[in-house]
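Peer 1: Below are the structure tokens for one structure; questions will follow.
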Amino acid sequence: MKKKAKHPFSSVISVNPHKESYFSGSSKFLFKNNSPKYDKDQYAISYLNTKNFITSQISISKNIPDEDIYDAIYNKVYDELALDQALNYQIEFIETFNSPNENNNNFLVFIVDPSELKKTFANVVSKIKYIDTIIPSPLLLKSLYQKNIIESNGVDAFIYFQENDASITIYREKEFLYTKSINFSFLQMHERFCELYGERVLYEDFIDFLSNSSLKDTQSDFKEYFIKLYKEIFAHINDILTYVKRAYDLKKIEHIYIDLQMQTITKLDEMSEVELGVKSSSYDFNYIFKSDDSYIDQLHFLMHLYTTLSKEERYNCNFTTFHRPPKFMQRQSGKLFIFCAASFVIAFLYPFTYWSLAYAQNLQYELLYAEYTELHNMKITREAIIKNKEADKTNLSALLDKEQEDYAQKKATLIKIHDVKVNYPMKAKLLTMFTKDLNKFTIKVNSIAYDEDKDKKTFTLNLLSKKDKEITQMIEYLTKAYEGKYDFSLRRIELKNEPNQYFSELKVLIL
């Protein structure tokens, strides 16, 4: 039997920081709170939209001790995601399923810029003073499985459109797997609709049609362009689902839950089944909460449902920096009161004054020494991590140098092969060509020799002709015809009386 969440608060207030809407709940009844204020007996919860945080999957060795896991993840996130070292990002993580055969533990990491966090919740904190929990909105869906509102053990997709954000979240076997912000919030839909329509439409008119018109029945001029807009949205969603199935080796998406932040007549779940071919439903979950409001943003329901989970059932991923004031005895003013009372007692107990001061001094020393020990251990751990990183860098540099050297050798070999293949003339082809030229001048070849010395390739042709003029004409023709390709040299032409022929040795140097 699951434990129920227990907290010493009489009520819960959920906050949408972007629309500054507040819903208070007590005894499973929700009502809109138009004038929220500070109350130490209420539990405050809010969320981060998908576009307000970065999420990534990180793996670290199982050999790292539990107390060093956060530092290891912190350093690896900065390295792998190339985060700005000048910014101190707030990082939270949850552990994902790990195979027993794996050497690493896998974590889903959520990263938030503290300045954006402060900016987003500034107005909220000015009213209610503190927020106990700020959780990434995709993790709120965990409560649907823990409360058996959704009993599926397969793969479910949750698609939700808000005024300033739209997101797709995937759960597999009741555990969070993937989330992504898509560029189809109401504001972005409006901009795209105006582009399709060809003229500027008031945002209020766009929202009115989106909420109060049915695409099946309306005859409005907007209908055609809304259909085009929905086609684009579902095409984009289909691309993301295809990527997720391939990236996480999912056979299929078994169910899609899709809805908008406001009530609409057009049923997106019906369109989803037609366009995506996956069984789809709206966010009309059978919550345990009741309300007099005709429609409540589903995220408010999910936040209130999340507060009913026990600590073991929740994802431990809280980004709040707006903590409630501590108890009086833990505040500076409380500590001051204690100090004054102690001083008053000491004034009346003079013999114990010096003993009390010595004891306080010793206690302060022990606290500082304990803090020093903790910081020193942290320093040693981080120095070891840095040293390992530097060693890895040195090894990788050596490997890179070797690969570059191998690459240069292979490149030189390929260039040489290419040069031989392209520029090396075939002997038979050259002889055929020269034979044709010699035949033009009725010159015979008595013998042929080929010599190759380093980069020099030379043919030696022993020529026979009845006239020495034919030989000189032939040399003149070859020199002009093959200028720049071959170098022809002829030292002398000899006359042989028997049988009255001219003999010469022609050398052809291939350039």
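Peer 1: From the list LYS180, LYS118, which one is among the charged types (D, E, K, R), in the same structural domain as LEU48 (by TED's automatic domain parsing) and touching a residue at least 40 places away in the same chain (Cβ under 8 Å)?
Peer 2: LYS118
Peer 1: Does ASN88 qualify as being at pLDDT below 85, more than 22 Å from ILE128 (Cβ to Cβ) and in the same structural domain as SER310 (by TED's automatic domain parsing)?
Peer 2: no
Peer 1: Which of the strands (runs of 3 or more DSSP E) found entirely inside the range 152-193 contain at least 1 residues meeting this: under 21 Å from the mean Cα position of the chain (by Cα) and surrounded by fewer than 16 Cβ atoms within 10 Å (Cβ to Cβ)?
Peer 2: Where strands (runs of 3 or more DSSP E) fall fully within the range 152-193 and carry at least 1 residues being under 21 Å from the mean Cα position of the chain (by Cα) and surrounded by fewer than 16 Cβ atoms within 10 Å (Cβ to Cβ), they are 175-181.
Peer 1: Please specify each residue of the range 476-507 satisfying the condition of being surrounded by 11 or more Cβ atoms within 10 Å (Cβ to Cβ) and polar (S, T, N, Q).
Peer 2: Answer for the range 476-507, where residues must be surrounded by 11 or more Cβ atoms within 10 Å (Cβ to Cβ) and polar (S, T, N, Q): THR479, SER489, GLN501, SER504.
Peer 1: I've got another one for you. Based on what the data block shows, is ILE448 in a strand (DSSP E or B), surrounded by 12 or more Cβ atoms within 10 Å (Cβ to Cβ), on the phi < 0 side of the Ramachandran plot and not polar (S, T, N, Q)?
Peer 2: For ILE448, the condition - in a strand (DSSP E or B), surrounded by 12 or more Cβ atoms within 10 Å (Cβ to Cβ), on the phi < 0 side of the Ramachandran plot and not polar (S, T, N, Q) - is met.
Peer 1: Another question about this same structure. Any residue at all in the range 404-415 that is of a type in the set (S, T, N, Q), assigned by TED's automatic domain parsing to the domain that holds ASN500 and either part of a strand (DSSP E or B) or under 60 Å from the mean Cα position of the chain (by Cα) (or both)?
Peer 2: no
Peer 1: Can you tell me which residues in the range 69-120 are over 18 Å from THR381 (Cβ atoms) and of a type in the set (Ser, Thr, Tyr)?
Peer 2: TYR89, THR96, SER99, SER115, THR120
Peer 1: Follow-up question, since we're still on this one. Would you be able to say whether some residue in the range 61-77 is among the aliphatic types (A, V, I, L, M), within 15 Å of VAL124 (Cα to Cα) and within 34 Å of the chain's Cα centre (by Cα)?
Peer 2: The answer is no, given that none of the residues of the range 61-77 is among the aliphatic types (A, V, I, L, M), within 15 Å of VAL124 (Cα to Cα) and within 34 Å of the chain's Cα centre (by Cα).
Peer 1: Restricting to the range 114-128, count the residues that are surrounded by 16 or more Cβ atoms within 10 Å (Cβ to Cβ) and farther than 18 Å from GLN90 by Cα.
Peer 2: Final tally of qualifying residues: 3.
Peer 1: Please find, within the range 264-291, the residue that is surrounded by the most Cβ atoms within 10 Å (Cβ to Cβ) out of those that are polar (S, T, N, Q) and farther than 25 Å from THR308 by Cβ.
Peer 2: SER272
Peer 1: Right, another one. Among the numbered conditions (1) modelled with pLDDT under 90; (2) in contact with a Leu (Cβ under 9 Å, 6 or more places away or on another chain), tell me where SER280 comes up short.
Peer 2: Failing condition for SER280: (1).
Peer 1: Considering only the range 194-235, state which residues are part of a helix (DSSP H, G or I) and small (Gly, Ala, Ser).
Peer 2: SER211, ALA235
Peer 1: Separate question: Given (1) of a type outside the set (Lys, Arg); (2) more than 35 Å from the chain's Cα centre (by Cα); (3) on the phi > 0 side of the Ramachandran plot, where does LEU215 come up short, assuming only one miss?
Peer 2: (3)
Peer 1: Do we find a residue being among the basic types (Lys, Arg), over 30 Å from LYS393 (Cα atoms) and either touching a Ser or Thr at 6+ places or on another chain (Cβ under 7 Å) or in a strand (DSSP E or B) (or both) anywhere in the range 11-25?
Peer 2: Within the range 11-25, not a single residue is among the basic types (Lys, Arg), over 30 Å from LYS393 (Cα atoms) and either touching a Ser or Thr at 6+ places or on another chain (Cβ under 7 Å) or in a strand (DSSP E or B) (or both).
The values are calculated or read from the model by the stated rules, or taken from the named source; none is laboratory data. If you're wondering where the values come from, they're calculated on a predicted model, not measured in any experiment. As a convention, Cβ positions derive from the backbone with ideal geometry for all residues, glycine included, and neighbour counts pool all protein chains shown.
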